[in-house]
Amino acid sequence: MNKIEHIGIAVNSLDASCELYERLLGTACYKKENVESEAVNTAFFKTGINKIELLAATSTDSAIAKFLDKKGEGIHHIAFDVDDIILEMERLRTEGFVLLNEKPKKGADNKLICFVHPKNTNGVLIELCQEIR
Ligand code: CMX
């Protein structure tokens, strides 16, 4: 894994949190994107080399809605940039981690993604991200 690609934060209201993060980071949101397959609306910020993704649920049965019900707003996942997501998924499977999807999925911000179950990663949901070239 190369580096942290972004940190995902679950929020109740994308509009309210966008406004808050613009004030907090002193920079404008550079992209908003709906990811239908994940039932989320997302908003992205860059601050220096770092990236933050805000996630709001678009359906009551989405992973984000469940997370907000159970834990409330806060850090939802940490995403790592990888060069080859297929190889990295194979490596993690061999290491005994539980992958939440069989194949990479198309995620927000031009990425192929795969999630790793938090039960095997000290309670932190991990996402693999490969730039779609
Ligand atoms: N971080 C840490 N722990 C989490 C978590 C998260 N984001 N989401 C759920 N959990 C915990 C639950 O609280 C639960 O803990 P306990 O066993 O202590 O109660 C445990 O994980 C298992 O939960 P579960 O009831 O078996 O499963 P859930 O229905 O809550 O689903 C998860 C959990 C991670 C499998 C599911 O959310 C998932 O598949 N996530 C991947 C997809 C995703 O998160 N999509 C939204 C983001 C999309 C994007 O970034 O674009």
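The values are calculated or read from the model by the stated rules, or taken from the named source; none is laboratory data. Here the structure is a predicted model, which is why all the values come from computation and not from measurement. Note: ideal-geometry Cβ built from the backbone for every residue, glycine included; neighbour counts use all protein chains shown.
Couple of notes before you dig in:
- Selection within segment 102-123: residues that are assigned to a loop (DSSP other than H, G, I, E, B) and loosely packed, with under 12 Cβ neighbours inside 10 Å. The member of this set that is nearest to the ligand (Cβ to nearest atom) is 123.
- Qualifying residues in segment 124-133 (those that are more than 9 Å from the ligand (Cβ to nearest atom) and part of a loop (DSSP other than H, G, I, E, B)) - the one surrounded by the fewest Cβ atoms within 10 Å (Cβ to Cβ): 133
- Filter result (under 12 Å from the mean Cα position of the chain (by Cα) and of a type in the set (Gly, Ala, Ser)) within segment 102-133: 107, 108
- Just one of the listed residues (92, 99) is farther than 18 Å from residue 39 by Cα and away from the ligand (no atom under 13 Å from the Cβ), namely 92.
- In segment 13-24, the residues that are free of Cβ contacts under 8 Å to residues at least 40 places away in the same chain never reach a residue that is in a helix (DSSP H, G or I) with C-beta atoms less than 7 angstrom apart, at least six apart or across chains.
- Residue 22 satisfies every condition listed in (1) touching a Lys or Arg at 6+ places or on another chain (Cβ under 9 Å); (2) away from the ligand (no atom under 11 Å from the Cβ) except (1).
- Flag if residue 43 is at pLDDT 95 or above, more than 8 Å from the ligand (Cβ to nearest atom), under 29 Å from residue 22 (Cα atoms) and small (Gly, Ala, Ser): yes
- The number of residues in segment 23-33 being surrounded by 12 or more Cβ atoms within 10 Å (Cβ to Cβ) and either in contact with a strand residue (DSSP E or B) (Cβ under 8 Å, 6 or more places away or on another chain) or at pLDDT below 95 (or both) comes to 6.
- Within segment 53-85, being under 18 Å from residue 114 (Cα atoms), more than 10 Å from the ligand (Cβ to nearest atom) and out of contact with any Leu (no Cβ under 9 Å at 6 or more places or on another chain) holds for 83, 84.
- The set of residues in segment 30-39 being touching a residue at least 60 places away in the same chain (Cβ under 8 Å) and in contact with a Ser or Thr (Cβ under 9 Å, 6 or more places away or on another chain) consists of 31, 33, 35, 38.
- The set of residues from segment 71-99 being part of a loop (DSSP other than H, G, I, E, B) and surrounded by 15 or more Cβ atoms within 10 Å (Cβ to Cβ) comprises 73, 82, 97.
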